[in-house]
Amino acid sequence: AQEIQAPAVEVSSEWLAVGHIDEIFLFLKRNDGNGSPWVVAIASPTLARQRLQQAFNAGYGEAPVFEGRGEYETTVESLLFDEYLMGFNDLAQARIDSIQAVLQEAFNLSDSDFVEVPVLFENYNGSGQAVALNPGVQNLISADSVLFVPDPEGPVINGQDLWQSATSNALEPLGYEIRFVDVFYSYHVLMGEAHCGSNFERAPSTLSWWEEEE
């Protein structure tokens, strides 16, 4: 009944193993009353890597990442000094940067309309296509003023998960309460995250907008 809604904006997702745009970014309503009404939460390999480097520089190279996750458990040092992995993430970041540029041009957005969250990517089974290495933080669920965010399971330094803190620092100023949820085995290792496999039932607007005139 609505026919084709326009304008349509095409972004590159063929480099992803699954190919869903929520592996890269998600629009969020801004609840703090500042600036534009919406922001884009966007995955940032660079931010994830910076936090690993922060842990390493502080002497925590052996700090576990994905602690207690069996074969998936690794360390800060193992990730940082994996030259292939870091190179692959440089390519992923370049892809994401190009997508951000498309969104900025299409919707007249500025850099301040984007918030970065820490996500590393890996080469899926040698296919050359990318999949999130840590639970993809941007693949979250919004429920009014609460965000249910995949727990990134980063290195814990002095009782603080550095990827969690980077996520909270990005999203809490928008006026949200952040609740980290465990999606590691239920969704993440199956190539999905929170937004991929669940959602909230919502009540539609009572306004008959199709009968209203501008």
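What the table below lists for this structure:
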read-out: Qualifying positions in segment 31-44 - out of contact with any strand residue (DSSP E or B) (no Cβ under 6 Å at 6 or more places or on another chain) and either on the phi < 0 side of the Ramachandran plot or open to solvent by less than 40 Å² (accessible area, probe 1.4 Å) (or both); value: Asn31, Asp32, Asn34, Ser36, Pro37, Ala43
read-out: Pairs with Cβ under 9 Å, 6+ apart, first in segment 32-61 and more than 14 Å from Asn134 (Cα to Cα) and in a helix (DSSP H, G or I), second at pLDDT 95 or above and among the polar types (S, T, N, Q); value: Gln50/Ser44
read-out: Matching residues, segment 153-203, being under 20 Å from Asn57 (Cβ atoms) and not hydrophobic (A, V, I, L, M, F, W, C); value: Gly154, Pro155, Asn158, Gly159, Gln160, Asp161, Gln164, Ser165, Asn169
read-out: Neighbours by Cβ (under 8 Å, 6+ apart or cross-chain): first from segment 144-170, closer than 21 Å to Cys196 by Cα; second in a loop (DSSP other than H, G, I, E, B) and open to solvent by 30 Å² or more (accessible area, probe 1.4 Å); value: Ser145/Asn31; Ser145/Gly175; Pro150/Tyr187; Asp151/Asp182; Glu153/Glu67; Glu153/Arg69; Gln164/Asp151
read-out: Residue selected from segment 192-214 under the condition in contact (Cβ under 8 Å) with a residue 40 or more places away in the chain and in a loop (DSSP other than H, G, I, E, B), by the criterion surrounded by the fewest Cβ atoms within 10 Å (Cβ to Cβ); value: Phe200
read-out: Conditions (1) more than 23 Å from Leu171 (Cα to Cα); (2) touching a Gly at 6+ places or on another chain (Cβ under 6 Å); number of the one not met by Thr75; value: (2)
read-out: Checklist (1) polar (S, T, N, Q); (2) modelled with pLDDT under 95; (3) under 28 Å from Ala63 (Cβ atoms) applied to Ser78, failing item; value: (2)
read-out: Hits in segment 68-78 - residues which are over 20 Å from the mean Cα position of the chain (by Cα) and either open to solvent by 70 Å² or more (accessible area, probe 1.4 Å) or of a type in the set (Asp, Glu) (or both); value: Glu71, Glu73, Glu77
read-out: Meets criteria (out of contact with any Leu (no Cβ under 7 Å at 6 or more places or on another chain), under 27 Å from Glu177 (Cβ atoms) and at pLDDT below 95) for Ala132; value: no
read-out: Residue match in segment 18-30 (condition: over 15 Å from the mean Cα position of the chain (by Cα), loosely packed, with under 15 Cβ neighbours inside 10 Å, touching a residue at least 24 places away in the same chain (Cβ under 8 Å) and within 23 Å of Pro150 (Cα to Cα)); value: yes
read-out: Residues that are open to solvent by less than 30 Å² (accessible area, probe 1.4 Å) and assigned to a helix (DSSP H, G or I), drawn from segment 161-178; value: Leu162, Trp163, Ser165, Ala166, Thr167, Ser168, Ala170, Leu171, Leu174
read-out: Cβ pairs under 9 Å, 6+ apart, first in segment 79-106 and open to solvent by 50 Å² or more (accessible area, probe 1.4 Å), second of a type in the set (Asp, Glu); value: Val102/Glu10
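The values are calculated or read from the model by the stated rules, or taken from the named source; none is laboratory data. What you are looking at is a predicted structure, and each value in this text was computed from that prediction instead of being measured. Cβ: placed from backbone, ideal geometry, glycine included. Neighbour counts: every protein chain shown. Accessible surface is based on the protein model in full, side chains and every heavy atom, while ligands, DNA and RNA are left aside. Shrake-Rupley method; radii C 1.70, N 1.55, O 1.52, S 1.80 Å.
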